[in-house]
1. Tally the residues that are of a type in the set (S, T, N, Q) and surrounded by 10 or more Cβ atoms within 10 Å (Cβ to Cβ), restricting the search to the range 38-64.
2. What are the residue pairs meeting all of these: first residue in the range 46-64, first residue within 13 Å of GLN36 (Cα to Cα), second residue of a type in the set (Val, Ile, Thr), Cβ atoms under 6 Å, and 6 or more apart or on different chains?
3. Yes or no: THR39 among the polar types (S, T, N, Q) and touching a residue at least 40 places away in the same chain (Cβ under 8 Å)?
4. Can you name the residue in the range 20-52 that is of a type in the set (Gly, Ala, Ser) and assigned to a helix (DSSP H, G or I) and is also nearest to THR64 (Cα to Cα) among such residues?
5. Can you find even one residue in the range 2-15 that is surrounded by 10 or more Cβ atoms within 10 Å (Cβ to Cβ) and of a type in the set (Lys, Arg)?
6. With respect to LEU18, determine if the residue is of a type in the set (A, V, I, L, M, F, W, C), surrounded by 10 or more Cβ atoms within 10 Å (Cβ to Cβ), touching a Cys at 6+ places or on another chain (Cβ under 8 Å) and without any contact (Cβ under 8 Å) to a residue 24 or more places away in the chain.
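Derivation of every value follows stated rules applied to the coordinates shown; laboratory data play no part. Just so you know, these numbers come straight off a predicted model, no measurement behind them. Methodologically, a virtual Cβ is constructed for each residue, glycine included, from the backbone with ideal geometry; neighbour enumeration extends over all protein chains shown.
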Amino acid sequence: MIQPAPDEPLRFAFAFDLWDYDDVAAHAEAILERLQSGTMPCDGAWPADRVAVCSRWIESGKPT
């Protein structure tokens, strides 16, 4: 994720769209790391079994 420089304005924009398959598939490993660390989603960590499903999806080739 590219951080804005101190002199750049802040905008409400994300590095990728979690509703877009291609964006999620491209960033799957980073998303999984955040899920495993509990820093994502912002409203609370997922339970381990739900994180395991995401991991299985990645390991199985990220099918649509």
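1. 2
2. Taking only residues 6 or more apart or on different chains, not a single pair turns up.
3. When the stated conditions are applied, THR39 does not pass them.
4. Among residues in the range 20-52 that are of a type in the set (Gly, Ala, Ser) and assigned to a helix (DSSP H, G or I), the one nearest to THR64 (Cα to Cα) is ALA25.
5. No: the range 2-15 contains no residue that is surrounded by 10 or more Cβ atoms within 10 Å (Cβ to Cβ) and of a type in the set (Lys, Arg).
6. In short, no.
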